[in-house]
Amino acid sequence: MPATAFSVRFERELDVDQLAILMTGTQPTQDRDGAELLSMFGDAIRADVQCSSCGKFGAHIVQPAKSRASKAVLRQAHFRFVDPNGGDAHHPFCEFHGNNETRSTQDSLLNFGSEKSAETRAIRLLVCKGIEQGIFDQRRIRDMRQWFFDLKSATRFTVSMPLEAISWAHALQHHPHHQRWQFHPSQAAMPAFDWKAAAKKQFTEEHFHLFELVKGGLLPFEDATWRQASELAQKYHGREVFDVTKLQPYYEAAISLCIFVAANSGIDFGKRQPEIYRWKGAPTALLALCALVLFVSDWDMNVAIAAFAKLLSAPEPSDGALGNVIGLNPFHEYGAWRLVIASGEVAAKSPNGLDYNARLAAIEAALREQHRQWKEHQP
Ligand SMILES: [Zn+2]
């Protein structure tokens, strides 16, 4: 349920009240709210207002829900996108498809105007400057969003791997695979032989081809991202989804620019060291701005850096409200989807099952059996 959408006529992202002010010239009040003011403008809104994610038209205004007793707003007025047959107008891969009221859009939409953290305020100031300096405008922000959406939805794959693939790939990623060791049954003659450690080392030898798939390519390793991957794999199991690996070169370029900007801008973007962004992710607002600047620079890194230099040296913007842009994190769920895809690849190359603890137990049993047979043949 998007609270804001893009008006082609006014060339910006607006909520219902802001649209009402621009379309009617009247300020909404407690008694006549924006949704009511716009009640005569249904046709104009359907033809003008686009979903800010997938770009589809067909917007209707949904009245706010108010408590009868206190008149407090229980649910904000928002936009619903309806096709000519009364169905959901969103692209099936749009994050707003399915009218899911409970779905959080917090991390896909950034409200620079309402954010309170210092780093987001710094980004908001840069967004104001960027608009005032003519480096980008709201139309270009919408264009970038559409570009990313089309890129993602052009290639698809079906989520078909077993759900255990996620925990299996997670276990592989956390398995200590650097110490190589060749087991021999005679080693277990040591008085305090560690069978568990031996099983882990043998596991490494037997699964070495899989570690590259979960350790390479700068895959995320945070548990929160793995949890998100597990939720996505469950929710979309058997369904066709967009292929985020197409975003990889753009994500890596955006992260590189984030690291450069954080290290060389003189702005404090928080405690996390910029070099860590590659593994732990960059602050979302910074990532979104870097993606935007790269997009308007045709993904040329040095053109983008020149634009940042211009932004950072620009005078204080005269209109601080220009930064009230509902921005976009074009890499929403990117890391989690990469884990889903990597888990599928790992599962396809794992003929002996996807249960980490069961594999370790089976390996330990096999090593003990080798040792037993070896002992039998000792004089
Ligand atoms: Zn949509």
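The values are calculated or read from the model by the stated rules, or taken from the named source; none is laboratory data. Quick caveat: nothing in here was measured; it's all calculated off a predicted structure. Positions of Cβ are generated from backbone atoms using ideal geometry, with glycine treated the same way; all protein chains shown enter the neighbour counts. Surface accessibility is based on the protein's heavy atoms, side chains included, excluding ligands, DNA and RNA. Shrake-Rupley method; radii C 1.70, N 1.55, O 1.52, S 1.80 Å.
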Tally, over the range 49-77, of residues that are within 15 Å of the ligand (Cβ to nearest atom), part of a loop (DSSP other than H, G, I, E, B) and not charged (D, E, K, R) | 7
Would you say LYS201 is under 22 Å from ILE341 (Cα atoms) and basic (Lys, Arg)?
-> no
Among the numbered conditions (1) away from the ligand (no atom under 16 Å from the Cβ); (2) open to solvent by 70 Å² or more (accessible area, probe 1.4 Å), tell me where GLY34 comes up short.
-> (2)
Select from the range 278-298 the residues that are open to solvent by 40 Å² or more (accessible area, probe 1.4 Å) and over 20 Å from ARG338 (Cβ atoms) and list them in ascending order.
-> ASP298
Specify which of the listed residues (LEU210, LEU289, LEU232) is within 20 Å of ASP143 (Cβ to Cβ) and not small (Gly, Ala, Ser).
-> LEU289
From (1) more than 16 Å from the ligand (Cβ to nearest atom); (2) open to solvent by less than 60 Å² (accessible area, probe 1.4 Å); (3) at pLDDT below 60, pick out the condition that doesn't hold for LEU109.
-> (1)
In this structure, is ARG80 more than 30 Å from ARG368 (Cβ to Cβ), within 16 Å of the ligand (Cβ to nearest atom) and at pLDDT 90 or above?
-> yes
Across the range 117-151, what is the total count of residues that are aromatic (Phe, Trp, Tyr), closer than 27 Å to ASP268 by Cα and either surrounded by fewer than 18 Cβ atoms within 10 Å (Cβ to Cβ) or modelled with pLDDT under 90 (or both)?
-> 0
Show the residue pairs that are 6+ apart or on different chains and have beta-carbon atoms under 8 Å apart, the first residue being within the range 60-71 and hydrophobic (A, V, I, L, M, F, W, C), the second being assigned to a loop (DSSP other than H, G, I, E, B).
-> ILE61/ALA77; VAL62/MET1; VAL62/ALA77
In this structure, does ALA309 turn out to be surrounded by 19 or more Cβ atoms within 10 Å (Cβ to Cβ), within 22 Å of ARG140 (Cα to Cα) and out of contact with any helix residue (DSSP H, G or I) (no Cβ under 6 Å at 6 or more places or on another chain)?
-> no
